[in-house]
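Read through the structure below, which is laid out as structure tokens, and then see the notes.
The values are calculated or read from the model by the stated rules, or taken from the named source; none is laboratory data. Source: prediction; values computed, not measured. Note: ideal-geometry Cβ built from the backbone for every residue, glycine included; neighbour counts use all protein chains shown.
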Amino acid sequence: MSYYYKYNFVSPEPIYALVKEEFKSYFDTGAVDDLLFPTYLDKCLRKLGRATYVIAEQVLYIEDFEARLPDNFFAAREAWMLAEIPQYPYQTANSFYSQAATETTIQVAPLIVDGTECTAGNCEDPASPCYGHCMPQIIQAVYKTNNEVARSYRREFLLLPGNISARSNCTVDYNTAAWDFNSPGAAAPSTASSTPFSSSANSFDIRDNKFVTNFRNGTVQLLFYATDYDCSGNQLVPDNYRIREFVEAFIKFKMFEILTNQTNDETFQQLQQKLAYYKQISEEAFIMADIEIKKQDAYAKQRRIKNDLNRFNMYELPNRTNRYGRRRNN
């Protein structure tokens with residue numbers, strides 16, 4: 001199981017607004033516009049790598065060797081084979097309190113009929129609109145709801161990426177009868193005969209927006225990089241100062257690249273100087289952002305320190321006793 005740091009993701013609208021405000025004269029004259037801002041943002045995230053994408057989880061149910069990938073899938077990170085185990089579900093810690101057993105909100109007390117509040121005094125009056133509607137025995141109730149979460153799966157082993165089929169239009173019907181996890185007592189065939197063109201028997205492949213495996217039926221937990229968007233359709237960016245500075249600098253650089261390729265009131269020499277300046281700022285911001293995403297957090301430093309301490313434990317003699325309580329981890 002891998003460890004990773006999850007960023008908080010925000011909308012790029014403040015970055016777009018800042019660029020348009022700083023270069024207000026170019027936008028007012030129509031020399032440039034924000035039509036290509038989403039494309040420039042996508043270039044920035046792809047240049048920085050997959051660390052700038054949202055890490056999401058999804059459970060895939062494999063049927064006939066394949067399952068459909070999520071709509072926001074960008075790249076796979078981990079794929080775990082899950083085993084189904086019968087266990088009791090557990091209740092969530094959160095509770096929901098309501099005054100109705102259904103989602104419809106109703107008013108129990110006080111009871112109002114034709115604008116008249118029904119009380120014990122006018123319930124017995126035949127001339128009152130509340131006559132026959134009062135039910136003093138009804139008490140306003142509060143319902144408490146606790147949801148249940150099923151826990152019937154556990155991780156077994158990590159699937160390996162591999163080439164299942166040599167061509168995109170190939171199917172995996174070659175192992176219909178041989179490789180079936182649901183057939184007890186059946187001997188598993190060899191890798192060469194059951195999984196042609198694949199790296200191993202437990203490999204997976206991604207093609208045609210499908211998750212393809214070597215087993216017919218099963219459950220897989222997919223940890224993947226996803227593209228997430230805000231309400232306006234803008235791709236979210238990590239809430240990191242260096243990354244946001246790089247996106248801003250790159251958009252400014254691309255703006256002056258557009259201005260140098262069209263007729264403008266400024267001279268070509270002036271635009272070239274601005275283009276070179278903002279290109280330098282963009283490259284420096286990329287270096288700082290690339291260093292930022294490669295930094296180790298506190299938990300990563302702890303794991304690296306433990307790995308360094310236990311790196312040579314496998315070479316120690318088994319009868320050595322002066323290790324001050326440390327044990328061998330080989």
Subject >> Total residues in the stretch 9-59, condition free of Cβ contacts under 8 Å to residues at least 40 places away in the same chain and in contact with a strand residue (DSSP E or B) (Cβ under 8 Å, 6 or more places away or on another chain) >> reply: 0
**OP:** Consider Tyr26 carefully, then state whether it is aromatic (Phe, Trp, Tyr), modelled with pLDDT of 90 or more, surrounded by 15 or more Cβ atoms within 10 Å (Cβ to Cβ) and more than 30 Å from Tyr153 (Cβ to Cβ).
**Re:** no
Subject >> Selection from the stretch 254-268 of residues that are over 15 Å from Tyr40 (Cβ atoms) and either of a type in the set (A, V, I, L, M) or modelled with pLDDT under 85 (or both) >> reply: Asn261, Gln262, Thr263, Asn264, Asp265, Glu266, Thr267, Phe268
Original post:
What single numbered condition from (1) under 20 Å from Leu159 (Cα atoms); (2) surrounded by 13 or more Cβ atoms within 10 Å (Cβ to Cβ); (3) at pLDDT below 85 fails to hold for Tyr4?
Top reply: (2)
Original post:
Does Ala276 satisfy the condition of being of a type in the set (Gly, Ala, Ser), under 29 Å from the mean Cα position of the chain (by Cα) and part of a helix (DSSP H, G or I)?
Top reply: no
**OP:** Please work out if Tyr61 is under 16 Å from Gly218 (Cβ atoms) and out of contact with any Cys (no Cβ under 9 Å at 6 or more places or on another chain).
**Re:** yes
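Matching residues to (1) among the small types (Gly, Ala, Ser); (2) without any contact (Cβ under 8 Å) to a residue 40 or more places away in the chain; (3) surrounded by fewer than 17 Cβ atoms within 10 Å (Cβ to Cβ); (4) outside the structural domain of Lys20 (by TED's automatic domain parsing):
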site: Phe246; (1), (2), (3), (4): no, no, no, no
site: Lys252; (1), (2), (3), (4): no, no, no, no
site: Phe256; (1), (2), (3), (4): no, yes, no, no
site: Gln262; (1), (2), (3), (4): no, no, yes, no
site: Thr267; (1), (2), (3), (4): no, yes, yes, no
site: Lys279; (1), (2), (3), (4): no, yes, no, no
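Restricting to helices (runs of 4 or more DSSP H) lying wholly in the stretch 1-88: which have 2 or more residues that are among the acidic types (Asp, Glu)?
Values: elements: 13-22, 24-28, 37-48.
Answer list for the stretch 1-88: 13-22.
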Original post:
Which of (1) surrounded by fewer than 16 Cβ atoms within 10 Å (Cβ to Cβ); (2) touching a helix residue (DSSP H, G or I) at 6+ places or on another chain (Cβ under 9 Å); (3) assigned by TED's automatic domain parsing to the domain that holds Gly218 is the odd one out, the single condition Asp34 does not satisfy?
Top reply: (3)
